[in-house]
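A short worksheet on the structure shown next.
The values are calculated or read from the model by the stated rules, or taken from the named source; none is laboratory data. Being a predicted model, the structure only gives us computed values, none of them experimental. Glycine also receives a Cβ, built like all others from the backbone with ideal geometry; neighbour counts cover every protein chain displayed. Heads up: the accessible areas ignore ligands, DNA and RNA and are worked out on the full protein's heavy atoms, side chains in. Shrake-Rupley method; radii C 1.70, N 1.55, O 1.52, S 1.80 Å.
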Amino acid sequence: MQAAFFYLLATLAVAGGVMMVSVRNPLSGAFALILSLCSLAGLFAMLNAEFIFILQVLVYAGAIMVLIIFTIMLLNLRKEELQEAPVGWLRLLLTATLCAVGAFGAIQVFGTIEPNAATTPMEGFGNMEGVGRLMLSNWVYPFEVVSLILLVAVVGVVLLAKKVI
Amino acid sequence: MVDWIDFAIIGGKAVFIWGFALTLLPVLIWFERKGAAFIQDRAGPNRAAILGIRLAGFIHNIADVVKLLMKEMMIPPHVNRVFFMIAPVLGFTFILTAFAVIPWADTLNVGGREITMQVANLNSGVLFILAITSLNVYGIILAGWSSNNKFALLGGLRSTAQMISYEIPLGLALVGVFMVYGSAQLNEIVRGQGELLFGFLPKWGLFVQPLGALLFITAAFAETNRNPFDLPEGESEIVAGYHVEYSGMRFALFYMGEYVAIVLASAMITTLYFGGWQVPYFPTEKIIASADSWLKVMLGVGGVGALAFAALMLFWARRMKIGGGFGDLRDKEGIILGVAHIAIGGAMLFFFWKTLSMGPLPDWGARTVAVVAQITSFALKTIFWCWVFIWVRWSLPRFRYDQLMRLGWKQMIPLAFVNIFITGLVMLWMDR
Amino acid sequence: MNLLWLIPFAPLVGAALNGLVALGYAKREHGPNERLVALIGCGASLFSFAVVVKLFVQMRALAPEARVFEQSLFTWIAAGPVRVEWAYWVDALSMVMLLVVTGIGSLIHIYSAGYMHGDRGFARFFSYLNLFMFAMLTLVMAKNLPLLFVGWEGVGLCSYLLIGFWYKDLANAAAGKKAFIVNRIGDFAFLLGMFFLFVTSLKLGNPTLDVPTLRQLAFVHNDAFATIATVACVLLFVGACGKSAQIPLYVWLPDAMAGPTPVSALIHAATMVTAGVYMIARLNFLYDLAPQAGAVVAIIGAATAIFAATIGFAQRDIKKVLAYSTVSQLGYMFLAVGVGAYAAGIFHLLTHAFFKACLFLGAGSVIHGLSGEQDMFKMGQLRHHMKTTWLTFLISSLAIAGIFPLAGFFSKDEILWSVFNARVGPEWLPRLLWTIGLVTAGMTAFYVFRAVFLTFHGKDNVSHDAKHHLHESPPVMTIPLIVLAAGAVIVGFLGVPAALGGNNAIHHWLEPVFAGHVGGHDLGVGLAPAVQSGAVAFAAATEGHNTDLEMLLMGISVLVATAGILLAHAIYVRGGGASAMTRSLGPIYTLVANKFYVDELYEHAIVRPGYAIADKLMYRVIDSGIIEGIVNGLGITARLFGAGARLLQSGVVRTYAFFMLIGFLYLVYELVR
Amino acid sequence: MIGLHHYLYLSAILFFIGAFGVLFRRNLLVILMSIELMLNAVNLSFIAFSRYGTATMDGHVAAFFVMALAAAEAGIGLAILVMLFRNRTTVQADDMTLMRD
């Protein structure tokens, strides 16, 4: 059951990713990515990360991707603008090989890591309250920094988006 | 381990809540039509009938369904076919998913089994709803873009911007609720609203979070693209917005999606600010303790009400007859409805009479009575809010786009922050 | 002793205060309040003097072996085995020097207040002067050689600053540079000598540069020290030559007269230039181990003495005469310490400080009175106008000439007697050195009185303008003169030899230092035979087992001095003056008047080749060619690399990401491996 | 039984799919999306480690931070992109070579 879900979601995630990098139309790519992100959200849920699962849907699928799609639509690219100059086969082969090698290497590295907590997680693992408590106790400084970064981003975006600077 | 009974129960619950939402659909449409007619001082739809039964135009919905099903589903050239076809489905499905976390009654204890009256008792249920509704925008955006129509695109863009903008005050208004009830779990929130404030006022979100409630309701209107925020489909500006190219059942899906969204928004408003399934002044324990009386009152009032309605119907039928009538089966409608309600009322009074001689209810019976009472409470509140949606639509004019954005960003978001701040201050002062 | 630190730091505070005042008034129209500045400067110096006197009184009360005060302020250098404290250490020898430095220094401070009146750099001058006091006192009180070197360099710096005090005149600045550069040659040798000592102590497992510890080490391990003593001593002596203006590094001192006269009196006569003598006396235990080095010191000293005296014959500038006289007298002191008569050397240092300071200040008074005229041939008959100056100058001149019973007589004769009895080099060497010393004494009498007669007697050559302003100096200047002249009379009686019925107080005072007594520990027990060479000379000078001979020698020296005076009188008062002598001597006079062309010799032999090497080899070949070539080569290489690397910067983001990926892959590879 | 390794391998694969997108595609929008995919792959490892490695929720916090930063990044990146498009009417990464010299 669990394995079936995992492989289903993993396949969807990988398929979405592959589609995203391969389709020509960025909007199609964006929807492929949404598929991938939603599958990942499912995986998060499988990992008992309830809060992160919701955030994944809320923030990634619901906000970031909407923003990207919104931009795609806003730019309203014409066909010829969407067309990318053809990329050489050599480059494709080289990049793909390198990435494959990298993935293989990363898998090798990950393979050496031993899990040490395979037991069922404790009560309330991954819920909003637990994450929130951790975030505002042990991680409060990073938390504040992140909030500052977001503020800076907001100001930066507003400035950038103004027609006349 | 999840065994089959659990699955069955979950399935049953899903069927129930979806059934509830979808049943409300025709009711809403009927509300809309009749409400519009009422406000515009006209009759509204009243022709469609089955064997003469019109149910004050309710049957008109069936005619609509038949019409939409029979219509040709046009796919214009130059559209992105895949997205064009997916788009309506997306909007509808996501909204239905969100109902999974809406609680409609207190937890039911039957045979040692605790059944929560919501499909998924998520720890952060409110956020789940937010997440799912934020996905809702894809349907609109996709429809707008794939239609390859400038009005549709403009509608999609407007819709996206509007929904993203109003999600922020929506979420921020919720923070106050989280703070007051100390949870993001909808059932907990509702349970928290069962207490009394100052001894006489139900501790509803409306009373502890008045500003938050106002903000939330406003933002919910915007999220559902309802008037006065229905810019995406503003017919006087961009024809019909994102669904201008749609027809037939696809168009119907958008339409239904909008109404389901209204139901969801109403359910949310009810759950968060109007006590959800709580019957005012009667928390669950109290209802269970006095389940006998509740049963008697419900049956008695129901029976008498049904008889009174039947009398009204019969009286109306007689007036029709005196006035000459339509000359077809429609003339018989009052008699049919009256007779039917006499039967219903009689049955209820019969059961009422039976309960008088019956001993105290068994535990499960009492609990069931409580659940029924709570479901009724929830349903009534939700329907009331649905009606408010209709009411507002036909009462208020539409915003201009820049006014919409200014309201969202410059007034509602700061007010939401003020709300959080005040809530925090008050909580500090009251020391919880 | 807790008061020790006050002695050097009081002048330092004074220097800082006056320095701030000078800075504050640097850009202003008017100078600062001179009274205040003088009060700070003189006050600091007098305060030090008061502390020194207090300490002296305390020290006198102690037993001779225990006459040591010590204070460590903080650890200055701590590197590996080296630990150098900023430590002050005063024994009998240092105490004599302290009295001289602070006492005469204070007098000259006071004198300066009058002499420098109205100068723009009044505060700056006092700041430098106080700073000099600090450096000199640090030098004198230093417990270890590095600290001594700090003082050594500090006085060099102040000397440079003060020689070039009127830096707007290019010649003055050049003189300052000359003094500094010549001193550096000596300093280099001094450092080398110090390193030799350090390496030796390191080899002995007790790395130190503390003088008392070194002294102890030298006594215990005198074999180890004897092997390096000669080299180290000669190197240190080269350093002393630089500081104390001995052949061949004396050339800076006459030029140093470019500074204000009080500076010449204090730094270039009474105190700083004697640092070399002091240093050798301080390291006497080392020189005792190296008789050959002692001989070198003595020979150089004698040669310098007579050579400088010769030049002194033909100088026209009154301060130059005194400068060469100083060089000559310093030669005397080196002669004494070279033969191991350290006490005699220090005694002469003491007396010399008084009468030479008095002479310089007197000369300064004359110059002041004549509005800056320094040429003796434009003076004369000044005794009528400047009585006090004349009298004090006369007394000091008699003292330097060695007329009984003034200070110079006792100290000079003690040196001559010690040399006569010394056991350095071959048999004939002490006799030769003695003869040179005697001749020099006569020459000293001659050239000093030449100056006296030309200035105060003889023909009146004062120009009309100068005569108009001619006046005796104010009391603030004359009082120090009187005090110093009195000192020139009295100080000699500290060292009346036994032959004349005295008890030679200064010798007894210094006995613990030079006879191996340190801090109450008798280290002289088991001295090596070599160590005793100095002690023998000393003993010969003090015990006076040959009183008759000593009396005879005294008589001879007094006669020679008197002859010199009479000759001067004959030539410059009664005779035709300089012209007659010039005519009679002709080319020899020219030679002497031009200082034997030593400066020109140096110019051609060292400076010009130095310039040539610097320009032709160092600048054109090494600097422009090799070093700049390397630097430019680096630049060109970097630019070439840059040009190559620029090819990688395509501006295409993906390319950069590509390189990042490759780097990441390498990381993964490292992890997997 | 699905364990830590399954998630980590999936994470590695997704990460390099994203890397491939960054390297291979020229459309800035796609590059931006590929970066998001890479971030998500990393998030997956965080969560997996949190579940199977430390059994604490620190990984969740890290994932939260990544999401917040991703939001900031997306906002800024898209704003820049819109500006670029306004000025140069192209979203091709290879056309943005002003930094070359």
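Observations on the model:
- Within segment B:373-429, tally of residues that are in a helix (DSSP H, G or I) and either open to solvent by less than 50 Å² (accessible area, probe 1.4 Å) or under 30 Å from B:TRP30 (Cα atoms) (or both): 34
- Within segment C:146-190, the residues that satisfy the criterion of being of a type outside the set (Gly, Ala, Ser), in contact with a Gly (Cβ under 7 Å, 6 or more places away or on another chain) and in a helix (DSSP H, G or I) are C:TYR160, C:LEU162, C:ILE163, C:ASN172, C:PHE180, C:VAL182, C:ASN183, C:ILE185, C:ASP187, C:PHE190.
- Scanning segment A:91-98 turns up one or more residues that are crowded, with 19+ Cβ neighbours inside 10 Å and either within 13 Å of chain B (Cβ to nearest Cβ) or modelled with pLDDT of 80 or more (or both).
- Taken over segment B:109-124, the criterion of being within 11 Å of chain A (Cβ to nearest Cβ) and hydrophobic (A, V, I, L, M, F, W, C) is satisfied by B:ALA120, B:LEU122.
- Single unsatisfied condition, B:MET358 versus (1) modelled with pLDDT of 80 or more; (2) out of contact with any helix residue (DSSP H, G or I) (no Cβ under 6 Å at 6 or more places or on another chain): (1)
- Against the list (1) free of Cβ contacts under 8 Å to residues at least 40 places away in the same chain; (2) more than 25 Å from the chain's Cα centre (by Cα); (3) facing chain A (nearest Cβ under 9 Å), the condition B:SER146 fails is (1).
- Residue in segment A:107-117 that is within 21 Å of the chain's Cα centre (by Cα) and open to solvent by 20 Å² or more (accessible area, probe 1.4 Å) present: yes
- Looking across C:ALA50, C:ALA26, one residue alone is within 14 Å of C:ARG124 (Cα to Cα) and either more than 23 Å from the chain's Cα centre (by Cα) or in a helix (DSSP H, G or I) (or both). It is C:ALA26.
- Qualifying residue in segment C:140-151 (condition: in contact with a Ser or Thr (Cβ under 8 Å, 6 or more places away or on another chain), β-branched (Val, Ile, Thr) and open to solvent by 40 Å² or more (accessible area, probe 1.4 Å)): yes
- Per this entry, B:ILE129 is not counted among residues that are β-branched (Val, Ile, Thr), under 21 Å from the mean Cα position of the chain (by Cα), more than 30 Å from B:PRO202 (Cα to Cα) and more than 7 Å from every other protein chain (Cβ to nearest Cβ).
- Condition met for C:VAL631 (modelled with pLDDT of 80 or more, over 23 Å from C:LEU438 (Cα atoms) and either in contact with a helix residue (DSSP H, G or I) (Cβ under 6 Å, 6 or more places away or on another chain) or aliphatic (A, V, I, L, M) (or both)): yes
- The criterion of at least 1 residues that are in contact with a Pro (Cβ under 9 Å, 6 or more places away or on another chain) is met, among helices (runs of 4 or more DSSP H) falling completely within segment C:418-521, by C:475-490, C:505-514.
- Among the residues of segment A:46-70, the ones that are under 22 Å from B:GLY144 (Cα atoms), at pLDDT 85 or above and not aliphatic (A, V, I, L, M) come to 1 in all.
- Where a residue in segment D:53-68 is within 26 Å of A:LEU151 (Cα to Cα) and facing chain A (nearest Cβ under 7 Å) and its partner, wherever it lies, is open to solvent by 20 Å² or more (accessible area, probe 1.4 Å) and aliphatic (A, V, I, L, M), with Cβ under 7 Å and at least six apart: D:MET57/A:LEU134; D:ASP58/A:LEU134; D:VAL61/A:LEU134; D:MET67/A:VAL59; D:ALA68/A:LEU150
- The set of residues in segment B:149-160 being part of a helix (DSSP H, G or I) and either more than 8 Å from chain A (Cβ to nearest Cβ) or open to solvent by less than 20 Å² (accessible area, probe 1.4 Å) (or both) consists of B:LYS150, B:PHE151, B:ALA152, B:LEU154, B:GLY155, B:GLY156, B:ARG158, B:SER159, B:THR160.
- Output for segment C:100-139, where each listed residue is open to solvent by 10 Å² or more (accessible area, probe 1.4 Å), more than 16 Å from the chain's Cα centre (by Cα) and under 12 Å from C:SER45 (Cα atoms): C:GLY103, C:LEU107, C:ILE110, C:SER127
To keep it simple, each residue is scored yes or no on (1) within 9 Å of chain D (Cβ to nearest Cβ); (2) free of Cβ contacts under 8 Å to residues at least 40 places away in the same chain; (3) within 15 Å of D:ALA48 (Cα to Cα).
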site: A:PHE5; (1), (2), (3): yes, no, no
site: A:GLY17; (1), (2), (3): yes, yes, no
site: A:ARG24; (1), (2), (3): yes, no, no
site: A:SER36; (1), (2), (3): yes, yes, no
site: A:GLY42; (1), (2), (3): no, yes, yes
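- Tally, over segment C:387-405, of residues that are modelled with pLDDT under 85 and out of contact with any Phe, Trp or Tyr (no Cβ under 8 Å at 6 or more places or on another chain): 1
- Qualifying position, being in a helix (DSSP H, G or I), open to solvent by 90 Å² or more (accessible area, probe 1.4 Å) and modelled with pLDDT under 85, among C:ARG639, C:ARG620: C:ARG620
- Candidates B:ALA43, B:ALA131, B:ALA105, B:ALA87 - the one that is without any contact (Cβ under 8 Å) to a residue 12 or more places away in the chain and surrounded by 22 or more Cβ atoms within 10 Å (Cβ to Cβ): B:ALA131
- Test: C:PHE9 is without any contact (Cβ under 8 Å) to a residue 60 or more places away in the chain and either open to solvent by less than 50 Å² (accessible area, probe 1.4 Å) or in a helix (DSSP H, G or I) (or both): no
- Output for segment D:8-43, where each listed residue is more than 10 Å from the chain's Cα centre (by Cα), more than 7 Å from chain A (Cβ to nearest Cβ) and within 14 Å of C:ALA657 (Cα to Cα): D:LEU28
- One residue stands out in segment B:171-183 among those that are open to solvent by 10 Å² or more (accessible area, probe 1.4 Å) and under 17 Å from A:LEU55 (Cα atoms): the one that is farthest from the other protein chains (Cβ to nearest Cβ), namely B:LEU172.
- On inspection, C:ALA218 qualifies as more than 24 Å from the chain's Cα centre (by Cα), closer than 22 Å to C:TRP89 by Cβ and open to solvent by less than 30 Å² (accessible area, probe 1.4 Å).
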